[in-house]
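K.L.:
First the structure, which I've put down as structure tokens, then a few questions once you've had a look.
The values are calculated or read from the model by the stated rules, or taken from the named source; none is laboratory data. Please read these numbers as outputs of a predicted model, since none were measured by experiment. Backbone-built Cβ (ideal geometry, glycine too); neighbour counts: all protein chains shown.
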Amino acid sequence: MPESLTAQDIMNAEVGTVSPRCTVRNAIDKLMDLRVSGLPVIDDEQNILGIISEFSLLAVVYDGKVLEDPVEVHMTREVIWADPREPLTEIANRFISLRLRRMPVVSDGKLLGMISRRDVLRSVLAARQSEVLQPT
């Protein structure tokens with residue numbers, strides 16, 4: 001049942017990340033290689049410091065020097081995140097109301113994983129399919 005799923009159940013624990021000192025050029029390369037629209041920015045202890053997104057990086061269109069800037073100059077610092085025990089319905093509400101594309105899963109300030117809108121949809125479909133296949 002989708003209502004019983006939590007962030008930890010649906011998150012992707014294998015997350016590409018960047019350090020705050022990473023250049024914008026390298027961050028763009030990583031976004032393209034991983035085919036994602038945003039990356040968590042973390043320190044050496046896995047503490048989440050921000051998110052760098054394609055949208056944030058569009059500044060390169062106007063100023064090519066931005067490519068050599070550190071990511072920390074362009075990252076979003078106010079990160080909206082999910083607790084690992086948070087129910088799927090609350091996560092979906094935030095995706096909808098705040099128009100988010102991705103949400104890190106964080107415990108005690110440490111990055112545990114990432115949830116995308118696609119992860120939510122995939123999990124709901126799998127749970128619904130499982131309900132249909134179960135004998136009554």
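K.L.:
Of the residues that make up the stretch 45-56, is at least one at negative phi, more than 16 Å from the chain's Cα centre (by Cα) and at pLDDT below 95?
P.N.:
Looking for residues that are at negative phi, more than 16 Å from the chain's Cα centre (by Cα) and at pLDDT below 95, one finds at least one in the stretch 45-56, hence yes.
K.L.:
Identify the single condition in (1) surrounded by 17 or more Cβ atoms within 10 Å (Cβ to Cβ); (2) assigned to a helix (DSSP H, G or I) that Leu112 does not satisfy, given that it satisfies every other one.
P.N.:
So the condition that Leu112 fails would be (2).
K.L.:
Can you confirm whether the stretch 28-49 contains a residue that is part of a helix (DSSP H, G or I), free of Cβ contacts under 8 Å to residues at least 12 places away in the same chain and surrounded by 12 or more Cβ atoms within 10 Å (Cβ to Cβ)?
P.N.:
So far as the stretch 28-49 goes, yes, one or more of its residues are part of a helix (DSSP H, G or I), free of Cβ contacts under 8 Å to residues at least 12 places away in the same chain and surrounded by 12 or more Cβ atoms within 10 Å (Cβ to Cβ).
K.L.:
Looking only at residues that are touching a residue at least 40 places away in the same chain (Cβ under 8 Å) and not in a helix (DSSP H, G or I) in the stretch 115-136, which one is farthest from Ser4 (Cα to Cα)?
P.N.:
Ser116
K.L.:
So in the stretch 84-106, with the set limited to residues that are part of a loop (DSSP other than H, G, I, E, B) and closer than 29 Å to Asn26 by Cα, which one is farthest from the chain's Cα centre (by Cα)?
P.N.:
Our first condition is that a residue be part of a loop (DSSP other than H, G, I, E, B); within the stretch 84-106, this holds for 84-86, 99-101.
In the following step, the residues that additionally are closer than 29 Å to Asn26 by Cα were identified as 99-101.
Working: Arg99: 13, Leu100: 9, Arg101: 7 Å.
So the residue we want is Arg99.
K.L.:
Within the stretch 50-99, how many residues turn out to be touching a residue at least 40 places away in the same chain (Cβ under 8 Å) and closer than 15 Å to Thr17 by Cβ?
P.N.:
Summing the residues that are touching a residue at least 40 places away in the same chain (Cβ under 8 Å) and closer than 15 Å to Thr17 by Cβ in the stretch 50-99 gives 6.
K.L.:
It is to be established whether one or more residues within the stretch 59-68 are part of a strand (DSSP E or B), surrounded by 13 or more Cβ atoms within 10 Å (Cβ to Cβ) and of a type in the set (A, V, I, L, M, F, W, C). Full working, then the answer.
P.N.:
Going residue by residue through the stretch 59-68, those that are part of a strand (DSSP E or B) are none.
No, the stretch 59-68 contains no residue that is part of a strand (DSSP E or B), surrounded by 13 or more Cβ atoms within 10 Å (Cβ to Cβ) and of a type in the set (A, V, I, L, M, F, W, C).
K.L.:
Now for a different question. Condition first: assigned to a loop (DSSP other than H, G, I, E, B) and under 24 Å from Ile96 (Cα atoms). Now tell me which residues in the stretch 69-83 satisfy that. Before you say what the answer is, go through the steps one by one.
P.N.:
The initial filter retains those residues of the stretch 69-83 that are assigned to a loop (DSSP other than H, G, I, E, B), namely 69, 74-75, 77-81, 83.
Of everything in the stretch 69-83, those that are assigned to a loop (DSSP other than H, G, I, E, B) and under 24 Å from Ile96 (Cα atoms) turn out to be Met75, Arg77, Glu78, Val79, Ile80, Trp81, Asp83.
K.L.:
How many residues are buried (at least 17 other Cβ atoms within 10 Å of the Cβ), of a type outside the set (Val, Ile, Thr), assigned to a loop (DSSP other than H, G, I, E, B) and touching a strand residue (DSSP E or B) at 6+ places or on another chain (Cβ under 6 Å) if we restrict to the stretch 1-27?
P.N.:
Of the residues in that region, 1 qualify.
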